Amino acid sequence: MTTRTQSVDTPAGEARLTWHTAPRARLVLAVSHGAGGGIEARDLQALAAALPARGITVALVEQPWRVAGKKVAAAPKVLDEGWRGLWPAFAGPGLPVVAGGRSAGARVACRTAAELDAAGVLALAFPLHPPGRPEKSRAEELTGAGRPTLVVQGGRDPFGRPDEFPAPAGPHPYELVEVAHGDHGFAVPKRAATTQEDALRTITEAVGEWLARLPG
């Protein structure tokens, strides 16, 4: 695996990609952070470390608002514009591209997947609703992605527990994997039977197996 960074100008400002390149890649997974953090998130780092050995090049995406040093995420429309502007860079290696993200980044991937002809969508910690507000559902963004989709959700995520998600349906029903005891950041309490290492292994194995089933 080789690692490099790349700055890309987008309509929303300059974004930064950190490429973790597989030696004989068959897919690119472009995955961005959420509104409350950056690419240092434990799940993103775990995927970047594990997937190149499976033939998946991982591009970790720092969105323009983070690169600019802002503390608050841009509006959804602006996030989508930035993501669209990055797509030619993702497609640069000439491989199918899976759009991914955690939390707000997962929403962006879902909203734009069909128009960008993504090979699939990886939704990490999809924010199904604001904490304590299940009536404010964002399920339509997920179910409307129009591409094969994998949701990886913590068992105690206040933004939506796995049992709150609607039943998969339609031509591209999503798959959902639960990370036992995980919160919105997939942190696991020390008192839980599952360790933090187990939780991250669940994520990397589930994503790796799902990606292996996508056409390359």
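The values are calculated or read from the model by the stated rules, or taken from the named source; none is laboratory data. All values derive from a computational prediction rather than experimental measurement. Heads up, the Cβs are rebuilt from the backbone with ideal geometry, glycines too, and the neighbour counts pull from every protein chain shown. Side chains are part of the model used for accessible areas, which takes the heavy atoms of the whole protein and leaves out ligands, DNA and RNA. Shrake-Rupley method; radii C 1.70, N 1.55, O 1.52, S 1.80 Å.
Mind jotting down the distance between the C-alpha centroids of segment 152-200 and segment 1-78, whole Å?
Cα centres, segment 1-78 to segment 152-200: 22 Å.
Given Ala99, Thr10, Val58, which one lies farthest toward the positive end of the charge dipole of segment 1-100, if we put +1 on the Cβ of every Lys and Arg and -1 on the Cβ of every Asp and Glu?
With unit charges placed on the Cβ atoms, the residue in question is Val58.
In whole percent, how big is the carbon plus sulfur part of the accessible area of the chain, probe 1.4 Å, protein atoms only?
The value for the chain is 52 percent carbon and sulfur by accessible area.
Give me the percent relative contact order of the chain, please, defined on Cα pairs under 8 angstrom at least 6 residues apart.
17
What order, most packed first, do the peptides 164-176, 103-115 have when packing is the mean number of other Cβ atoms within 10 Å of each residue?
Going by the mean number of other Cβ atoms within 10 Å, highest first, we get 103-115, 164-176.
Looking at the chain, what % of the alpha carbon pairs are farther apart than 33 Å?
8
Please give, to one decimal in nm, the separation of the simple spin-label points placed at Asp198 and Leu214, each 7 Å out from Cα toward the Cβ.
2.9
Go through 83-90, 208-215 and give me the packing order, highest mean Cβ count within 10 Å leading.
Put in order of decreasing packing, that is 83-90, 208-215.
So what is the accessible area of segment 29-69 per residue, in Å², with the probe set to 1.4 Å?
About 29 Å² of surface per residue is accessible.
Which order, highest average first, do 59-65, 150-156, 189-195, 96-102 follow once you tally other Cβ atoms within 10 Å for each residue and take the mean per peptide?
Packing order, densest peptide first, comes out as 96-102, 59-65, 150-156, 189-195.
With each run of n ≥ 4 DSSP H residues scored as -39500 (n - 2.57), what mean residue ellipticity at 222 nm is computed for the chain after dividing by its residue count and rounding to the nearest 500 deg cm²/dmol?
-9000 deg cm²/dmol
In terms of Cα to Cα distance under 25 Å, which lysines are near enough to Lys136, apart from those fewer than 8 places away along the same chain?
By straight Cα distance, Lys136 reaches Lys71, Lys77.
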